[in-house]
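Every read-out reported here was derived from the displayed coordinates using simple, explicitly stated rules and does not represent laboratory data. In this text, all values refer to a predicted model and were calculated from it rather than measured experimentally. In this analysis, Cβ positions are derived from the backbone assuming ideal geometry, glycine residues included, and neighbour counts consider all displayed protein chains.
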Amino acid sequence: MTARRLVTLTIALLVVPAAMADIGSRIWATGGVTTIEGSAGGGLVPWALLGSYASDEEWGGTVALGRAEVDDYSLSVTGAGLNWNNRLEITVAQQTLDLDSLVFTLKDGFGLEQDELNQDIFGAKIRLVGDVLYSPWGQWSAGVQYKRQRDFTVPSAIGARDDSGTDVYVSGSKLFFAAVMERNLLVNLTARATRANQGGLLGFGGDRNNSHELMMEGSVGLFLNRQWLVGAEYRQKPDNLGFATEDDWWDLFVAWVPDRRLAVTGALVNLGDVATLEDQQGLYLSLQGSF
């Protein structure tokens, strides 16, 4: 994330939305933040919540920038979403993975000199039933993410079968009032059918498996007050490539919502082994604006 892009986004988040009379009527922080795939949720896991503060008979939207720096890789994400009537969410995201240390492995082992991977993600999520605050069984949503590689050279060389693929998921989210030390607790469970390698950045399918598998994901967050949320996420991953094993992802996060127009999320992330490089840990930061 360049300094220029960061400054530009910050100005957009604080100045442009301020000119708008209303950004939606839902309760503070009930739109989640933008995941690395563009959908509303945490950082790694989509939630049943829809982005922005749009409620019934309202439109809303989000824009976001994210950056993850782990030991041997860095990932930049830009995303945007629209929410119609708190019923339908449409999202788009672009990911750029800087290969950093893997460049030498690709050059020596495969004769490739590519230094980054790029992926586009188009998503849709529909609220099926319930309300995260007041329904006894919470809110349930279903979503789809279509992912497309811009350059399939590296994924193809390491055994991926396709340059595009589709994830389908169902999420349930529930806020429990005064559940822990009189503070509100948010719990989310997501079931995802996927064949994506490293979220799609290394293509789809492989020599070990080329079919969709059901993966489980979960999130839990504790509201310290209405502006601060701390929690953790876990995301199960398929293992399709003989080239390298694929580990599950997890994070510990802190989200700060100083204003209904702005959310800042920081996290300690652990991606496990990624494409032969072991124990990838680091930090993640994202900025999101709502309008």
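Once you keep just the Cα pairs under 8 angstrom separated by 6 or more residues, what percentage relative contact order results for the chain? Please report the intermediate quantities before stating the final value.
Details: 865 pairs, mean separation 48.8, N = 291.
Over the chain, the number comes to 17 percent.
Apply the a/c threshold of 1.5 to the C-alpha gyration tensor of the chain and tell me whether it is rounded, prolate or oblate. Because a/c hits 1.5 or more and a/b exceeds b/c, the chain counts as prolate. For region 50-90 versus region 197-243, the inter-centroid distance based on Cα atoms is 17 Å. Listed values for region 191-204 are Karplus-derived 3J(HN,Hα) couplings in whole Hz (6.51 cos²θ - 1.76 cosθ + 1.60, θ = phi - 60°), namely 10, 10, 9, 8, 10, 7, 9, 6, x, x, 5, 10, x, 9, and x replaces Gly and Pro.
Highest average first, the peptides 265-277, 196-208, 39-51 ordered by how many other beta carbon atoms sit within 10 Å of their residues are 39-51, 196-208, 265-277.
Quote the FRET efficiency, to the nearest 0.05, computed for Ala157 versus Ser211 with a Förster distance R0 of 25 Å and r equal to the Cβ-Cβ distance. The formula returns an efficiency of 0.70 here.
Let me have the 222 nm mean residue ellipticity of the chain computed from DSSP H runs of 4+ only, each contributing -39500 (n - 2.57), with the sum over all residues rounded to the nearest 500.
Values: 3 runs with 26 residues, N = 291.
The helix-only estimate for the chain comes to -2500 deg cm²/dmol at 222 nm.
For the pair Ile27 and Leu222, what calculated FRET efficiency results from E = 1/(1 + (r/R0)^6), where r is the Cβ-Cβ distance and R0 = 25 Å, to the nearest 0.05? It comes out at approximately 0.90. Computing FRET efficiency as 1/(1 + (r/R0)^6) for Val180 and Val264, where r is the C-beta to C-beta distance and R0 is 25 Å, gives about 0.65. Under 17 Å of direct C-alpha separation, and excluding same-chain neighbours fewer than eight residues apart, Lys147 reaches these aspartates and glutamates: Glu37, Glu89, Glu116, Asp120, Asp162, Asp163, Asp167, Glu213. Listed from fewest to most Cβ neighbours within 10 Å, the set Glu217, Glu182, Glu116 follows the order Glu182, Glu116, Glu217.
Using the count of nearby Cβ atoms within 10 Å as a rough guide to exposure, how do Thr96, Thr91, Thr34 rank from fewest to most?
If I rank by nearby Cβ atoms, fewest first, I get Thr96, Thr91, Thr34.
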